[in-house]
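Nothing in this text is a laboratory measurement; each read-out follows from the coordinates by a stated rule. Since the model is a prediction, treat every value here as computed from it, not as a measurement. Here the Cβ positions follow ideal geometry from the backbone for every residue, glycine too, while neighbour counts run over all protein chains shown.
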Amino acid sequence: MPNGIRTTQAQPSPAQHAVAIAYDNHGSRWGTNTPENAETLIAQERAAGAAIDEWETTDRAGQPLRVVRIPDASWLDTIFVFTTEVRPAVAA
């Protein structure tokens, strides 16, 4: 152990964070959101009668992705991509 310090705490592991990434129909990234907030927006659009497209796929690494497209004839579509980001552990 460095500096003679002993600990029973486990080393940090890679953190997994669920995220909903928002794009427009031109592929421009608008930002990120929590899955809960994105689900609320999707539910509101469904309740308003929007014809929502939804499908599941995988990324190049085989991680599952859920894609939800909310069409908007008067502006840009909103496309949410739900994924789990895996971030490397921070060195202690």
Checklist outcome for this item: Residues of the stretch 29-48 being surrounded by fewer than 10 Cβ atoms within 10 Å (Cβ to Cβ) and closer than 19 Å to Leu76 by Cβ, in sequence order, are Gly31, Ala48
Checklist entry - How many residues does the stretch 30-76 hold that are in contact (Cβ under 8 Å) with a residue 24 or more places away in the chain, farther than 13 Å from Val19 by Cβ and either assigned to a helix (DSSP H, G or I) or of a type in the set (S, T, N, Q) (or both)? => result 3
